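Notes for the one structure printed next.
The values are calculated or read from the model by the stated rules, or taken from the named source; none is laboratory data. Here the structure is a predicted model, which means the values were calculated and not measured. The accessibility values were calculated without ligands, DNA or RNA, using every heavy atom of the protein model including side chains. Shrake-Rupley method; radii C 1.70, N 1.55, O 1.52, S 1.80 Å.
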Amino acid sequence: MLKELHPHIADLRKRLTISVATLFIMFIVMFYFHQALLDWIVAPLNHALESVGKVSHVAAKGMITTNQVGGTFFVAMIVSFFAAILASLPIILWQIWLFIAPALYANEKKIILPFIIGGTIMFLVGVAFAYYVVTPFGFKFLITFASFKFVPLINIENYIGFFTKIMAGFGIAFELPVFAYFFALIGLITDKNLIDFFKYAVVIIFIVAALLTPPDVMTQMLMAGPLLVLYGLSILVVKMVNPAKKQNEKETSDDYGTQNKQESSKTSEQKENQQGTKHTDAATSKEPTAPKQPQTQENPEAEEDFDEAFEKLAKETFGEDALLEENKDKSNSDTDDKKDK
């Protein structure tokens with residue numbers, strides 16, 4: 001068994017080595033550009049501080065700070081690591097595909113490839129939506145709240161965790177149409193199921209939004225709103241892939257199925273009867289038949305030849321007188337028999 005698993009283990013080791021090496025190389029590259037990455041990450045926060053500072057002289061004193069000696073270094077490491085994961089994601093997914101593809105059938109490959117590609121695209125769309133739509137509006141609202149009394153001093157370590165949670169949360173939330181497409185493709189859900197489940201989905205969406213976003217109502221609403229739109233989009237996707245059957249079509253399909261079952265049962269019975277008759281015919285044909293008795297036919301010419309030969313032999317042996325006497329006796333006995341009759 002270990003010999004059979006050895007090629008798979010060797011292939012897995014190869015794929016993991018390539019993935020880890022790619023991640024390490026991308027980490028070095030991203031750490032080299034960590035300053036540009038930090039500027040990109042804090043840009044929505046700086047824009048929110050500047051806009052709020054124009055209306056509040058107290059908020060105008062706000063800034064981004066750190067309360068640790070090596071805080072900025074660890075922040076640069078964390079940012080570089082997450083950026084390296086995103087940059088290495090296409091190669092990592094490709095290595096995973098090369099490992100599992102030999103064990104899949106052609107129809108399974110057709111299902112998984114759109115799932116991987118669509119999932120990656122929708123995750124990036126969710127991150128872009130969070131960065132360009134949610135964070136500017138959300139940061140501005142949060143900083144403006146009570147900004148006339150308090151100076152917003154934002155800790156960079158806390159901000160990175162806050163920012164990462166928002167990006168990852170929206171990226172995962174935007175996977176909803178992809179999962180709906182996958183489940184509809186394998187026949188688990190229909191558009192009618194999603195429509196009937198909508199009232200429960202609203203509650204679940206708000207719970208998920210509360211878990212994936214920081215503990216504030218504004219950010220939660222900014223996630224729950226797009227999720228509801230994505231739920232409606234998922235209904236349309238499922239309707240195109242696996243629409244629910246209408247009641248009339250369902251009834252006709254059920255009737256057609258029962259009719260097919262009855263016809264198949266009849267044909268099976270006819271086949272069984274035909275096979276039974278064939279067996280009986282074969283059995284009767286195999287019964288032994290009595291051999292025909294040879295029919296003997298009388299040959300008068302052969303009897304005459306025999307009589308002539310017998311008379312010739314009698315003449316040679318006993319003489320003609322004895323033969324005449326025997327013929328007289330025969331003729332007398334024949335006349336007696338006739339008289340008796």
Worksheet, complete the sentence: Expected unfolding gain across residue 120-residue 199 under the 0.36 nm per residue rule, minus the alpha-carbon gap, is 25.6 nm
Practice prompt. Could you list which residues have their amide H under 5 Å from that of residue 189, counting only those 5 or more apart in sequence or on another chain, with H placed in the peptide plane?
Written response: 184
Item to complete: For segment 9-87, calculate the relative contact order in percent as a whole number, restricting contacts to Cα pairs under 8 Å that are 6 or more residues apart.
Response: 47 percent
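Just to make sure I understand: if all protein chains stay in place, what is the order of 17, 22 by accessible area at 1.4 Å, largest first?
Values: 17 85, 22 20 Å².
Output order, biggest surface exposure first: 17, 22.
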Item to complete: Enter the Cα centre distance for the pair segment 155-189 and segment 200-237, rounded to the nearest angstrom.
Response: 11 Å
Practice prompt. Quick one: of 140/165; 165/192; 110/239; 109/192; 61/140; 109/239, which pairs are farther than 25 Å apart, Cα to Cα?
Written response: 165/192; 109/192
